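What follows is a short report on a single structure.
The values are calculated or read from the model by the stated rules, or taken from the named source; none is laboratory data. Every value quoted in this text rests on a predicted model; they were computed, and no experiment measured them. Heads up, the Cβs are rebuilt from the backbone with ideal geometry, glycines too, and the neighbour counts pull from every protein chain shown. Side chains included, ligands, DNA and RNA excluded: accessible areas come from the protein's heavy atoms. Shrake-Rupley method; radii C 1.70, N 1.55, O 1.52, S 1.80 Å.
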Amino acid sequence: MLVLNCSTKLLILEKMLKSCFPESLKVYGAVMNINRGNPFQKEVVLDSWPDFKAVITRRQREAETDNLDHYTNAYAVFYKDVRAYRQLLEECDVFNWNQVFQIQGLQSELYDVSKAVANSKQLNVKLTSFKAVHLSPVSTLPDTSFLKGPFPRLTYLSVAEADLLNRTWSRGGNEQCLRYIANLIACFPSVCVRDEKGNPVSWSLTDQFATICHGYTLPEHRRKGYSRLVALTLARKLQSRGFPSQGNVLDDNTASISLLKSLHAEFLPCRFHRLILTPATFSDLPHL
């Protein structure tokens with residue numbers, strides 16, 4: 001195991017990962033954030049350098065952690081040889097097996113290999129699989145002509161609105177998620193539409209892997225074009241900073257899939273896999 005701390009080498013790694021799209025997108029997004037101030041306190045672990053066969057991004061060991069916060073305790077994985085990834089899994093100090101955490105990646109063997117090692121350590125593994133998407137470059141500003149008058153207004157989220165997002169997110173509703181969303185809003189780009197009272201009615205934000213996430217419109221404000229406007233604006237904001245505009249969508253989320261098709265998004269040949277790993281100590285907790 002090697003922890004890559006050199007800023008020059010991290011920039012080289014970023015370029016190397018770009019040549020491995022789309023499977024490397026999650027790790028690439030995390031490394032881009034590391035190279036641009038590292039607001040989420042991440043670090044890179046590899047099997048070797050420069051001819052690596054597996055690379056993992058994880059929370060820095062010195063960063064403050066909550067053992068129940070699988071949102072923040074998140075690892076992104078990319079490998080050229082799955083055997084090298086398994087070897088990193090089996091090393092004692094790469095993953096923290098004493099906390100609830102998640103593993104993300106875009107490669108088909110990720111679940112089986114991770115589950116085999118996790119089961120040997122008495123951890124439960126929950127898999128959710130998504131369609132992976134990439135939005136084409138947005139060359140012009142999205143049409144905002146239908147936003148007549150001072151309201152509704154296109155802007156960005158504030159940390160004070162994390163509670164609203166926590167309550168409306170299907171994966172939310174708990175203290176760990178509330179803190180995580182507040183950190184995302186503080187660290188990464190977001191976009192929202194506000195009503196005449198200044199309250200968000202439609203929004204989307206960016207996560208620690210530079211993925212567009214948590215797109216949501218309040219039910220009473222749907223079918224007004226807000227979701228399209230928010231998605232295009234956030235994609236353009238990310239692209240203007242050099243980031244890919246990537247996202248994930250569940251197979252049964254027909255509304256979001258229709259929206260993405262209308263935006264001419266590319267549905268990638270690989271799928272996005274999110275694994276939540278829970279030690280037996282925490283297995284009875286309701287939100288895990």
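Normalised by 2.2 N^0.38 Å, where N counts its residues, the alpha-carbon radius of gyration of the stretch 235-288 equals 1.63.
When Lys237, Lys224 are compared by accessible area at a 1.4 angstrom probe, the order from most to least is Lys224, Lys237. About the centre of its Cα atoms, the stretch 137-244 shows a dipole size close to 280 debye [charges on the beta carbon of Lys, Arg (+1) and Asp, Glu (-1) only; nearest 20 debye]. Taking 0.36 nm per residue of separation and subtracting the current Cα-Cα distance, fully stretching the chain between Asp112 and Val3 would add 36.7 nm.
For the stretch 34-87, the mean projected area of the C-alpha convex hull, equal to one quarter of the hull surface, is 4.5 nm². Here the spin labels are modelled as points 7 Å beyond Cα on the Cα-Cβ line, and at Gln60 and Thr281 they lie 2.5 nm apart.
The fraction of accessible area contributed by carbon and sulfur in the chain is 50 percent, rounded to a whole number (1.4 Å probe; ligands and nucleic acids excluded).
Each residue of the stretch 1-139 gets 125 Å³ once the volume of the Cα convex hull is shared out per residue.
Taking only alpha carbon atoms, the stretch 137-244 gives an Rg to Rh ratio of 0.95, where Rh is the Kirkwood radius. Look at the alpha carbon pairs under 8 Å that are at least 6 residues apart: their mean separation over the length of the chain gives a relative contact order of 23 percent.
When the label point is put 7 Å from the Cα of Asp195 along its Cα-to-beta-carbon vector, which residues of the stretch 216-232 have a backbone N closer than 17 Å? Answer for the stretch 216-232: 216-227.
Of Thr211, Thr281, the order by accessible heavy-atom surface (1.4 Å probe, DNA, RNA and ligands excluded), from most exposed downward, is Thr281, Thr211.
Accessible area per residue for the chain is 47 Å², calculated with a 1.4 Å probe on protein heavy atoms, without ligands, DNA or RNA.
Using C-alpha pairs below 8 Å separated by at least 6 residues, the relative contact order for the stretch 137-244 is 27 percent. Among the protein heavy atoms, those of Val82 account for about 40 Å² of accessible surface (1.4 Å probe, every chain in place).
The charge dipole of the stretch 150-200, taken about its Cα centre with unit charges on the Cβ of Lys, Arg, Asp and Glu (plus for the first two, minus for the last two), comes to roughly 60 debye.
What whole-number distance in Å separates the alpha-carbon centres of the stretch 67-98 and the stretch 223-266? Spelled out, the Cα-based centre of one part sits 29 Å from the other. Go ahead and collect, in residue order, the members of the stretch 178-211 whose backbone nitrogen is under 15 Å from a label point 7 Å along the Cα-Cβ direction of Leu218. In the stretch 178-211, the label zone of Leu218 (backbone N under 15 Å from the point 7 Å along Cα→Cβ) covers 192-204. Return the distance in nm (one decimal) between the two label points of a simple spin-label model at Lys80 and Asn96, each offset 7 Å from Cα along Cα→Cβ. Each label point is offset 7 Å from its Cα along the Cβ direction, giving 3.1 nm. Separation of the stretch 41-59 from the stretch 147-218 is 31 Å, based on Cα centroids. Peptides 71-77, 166-172 ordered by packing proxy, namely the average of other Cβ atoms within 10 Å per residue, highest first: 71-77, 166-172.
Out of every Cα-Cα pair that the chain contains, those further apart than 36 angstrom amount to 15 percent.
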